[in-house]
1. Out of A:K191, A:K200, I need the residue that is modelled with pLDDT under 95 and surrounded by fewer than 18 Cβ atoms within 10 Å (Cβ to Cβ). Which one?
2. Within the range A:121-132, identify whether any single residue is surrounded by 18 or more Cβ atoms within 10 Å (Cβ to Cβ) and away from chain B (no Cβ under 14 Å), and answer yes or no.
3. Considering only residues that are part of a strand (DSSP E or B) and within 14 Å of chain B (Cβ to nearest Cβ), look in the range A:133-159 and name the one that is surrounded by the most Cβ atoms within 10 Å (Cβ to Cβ).
4. Suppose we keep only residues that are modelled with pLDDT under 95 and away from chain B (no Cβ under 14 Å) within the range A:217-257. Which one would you say is nearest to the chain's Cα centre (by Cα)?
5. So, A:N27, is that one of a type outside the set (V, I, T), in contact (Cβ under 8 Å) with a residue 60 or more places away in the chain, touching a Ser or Thr at 6+ places or on another chain (Cβ under 7 Å) and closer than 28 Å to B:F11 by Cα or not?
6. For the range A:143-179, name all the residues that are within 21 Å of the chain's Cα centre (by Cα) and among the hydroxyl-bearing types (S, T, Y).
7. Among the residues of the range A:65-82, count how many are touching a residue at least 40 places away in the same chain (Cβ under 8 Å) and touching a strand residue (DSSP E or B) at 6+ places or on another chain (Cβ under 8 Å).
8. In the range A:180-235, which strands (runs of 3 or more DSSP E) lie fully inside it and hold 3 or more residues that are of a type in the set (S, T, Y) and touching a strand residue (DSSP E or B) at 6+ places or on another chain (Cβ under 6 Å)?
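The values are calculated or read from the model by the stated rules, or taken from the named source; none is laboratory data. Predicted model, so just to flag it, every value in this text is computed and none were measured. No Cβ is skipped: glycine too gets one built from the backbone with ideal geometry, and neighbour counts run over all protein chains shown.
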Amino acid sequence: MFEARLVQGNLLKKVVDAVKDLVTDANFDCSSSGFTLQAMDNSHVSLVSLSLRSDGFEHFRCDRNMSMGMSLGNLAKILKCAGNDDIVTMKAADDGDTVTFMFESPKEDRVSDFELKLMDIDSEHLGIPDTDYAATVTLPAAEYQRICRDLSSIGDTVVISATKDGVKFSSSGDVGTANITVRQNTTADKKEEQVSIDLKEPVALTFALRYLNSFAKATPLASHVSLSMARDLPVMVDYQISDMGHLRFYLAPKIED
Amino acid sequence: LLVQYGLPDFFTAL
């Protein structure tokens, strides 16, 4: 039996809305340590890695490790029926072929349940090595979203260059060229405006903006996002989900041949 | 020429 009760139910809605355009069907893996998902987009250029720890749920029971294949589009439709403040409970029998979502209003005066058919999805899991990143930039998630949106009107690739005085996002196309530089400001009076750069050595990498834009759909999940980069390696775009875990994206670089 | 790589070029399939 798998049963998980999430008081901040809208978190699940935000997670699914953040990934449903990148990944259509995916396996959610349940174990005693938590609820995770790892999936690549169809082009295998980007990867989503969700991890929600069991101690972040109000109640979490997983008698046997199980993998639940779901259509993220259908899951999003079901979660749209949940109230923003509803408590969400997921339930699945060990050998069942459905998963039930129960939504309870805060005053418990409205309870609804939706049953979703599970799918058989053969997903190849990738081993993501621990990487000693040359640079990790942490900036307001809304700022990252704006940069990606602004630059995608200029070109379809962005060069992200991290140096000690800042991180520069550059793009060029038929319209022209654009450079957006964000400087470190750990002294910003408001914490949510802080930008920090942990630099071991300068690094510059080129990425397709359409994926970076898609990752920014996770903005509602966290105040900040971290970009971790190392030469000729995928970038890790990391949204920390407070007290629960993270929603991470990896994107392979474009390399000069 | 910029070549778009795939993640399997960097991460091993388990």
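1. A:K191
2. Checked against the condition, which is being surrounded by 18 or more Cβ atoms within 10 Å (Cβ to Cβ) and away from chain B (no Cβ under 14 Å), the range A:121-132 yields no hits at all.
3. First pass over the range A:133-159, keeping only residues part of a strand (DSSP E or B): A:135-140, A:157-159.
Cutting the leftovers down to within 14 Å of chain B (Cβ to nearest Cβ) gives us A:157-159.
Numbers: A:T157: 20, A:V158: 26, A:V159: 17.
Filtering the range A:133-159 for residues that are part of a strand (DSSP E or B) and within 14 Å of chain B (Cβ to nearest Cβ), the one surrounded by the most Cβ atoms within 10 Å (Cβ to Cβ) comes out as A:V158.
4. Across the range A:217-257, the extreme among qualifying residues is A:S242.
5. yes
6. A:Y144, A:S152, A:T157
7. 11
8. In the range A:180-235, there are no strands (runs of 3 or more DSSP E) which contain 3 or more residues that are of a type in the set (S, T, Y) and touching a strand residue (DSSP E or B) at 6+ places or on another chain (Cβ under 6 Å).
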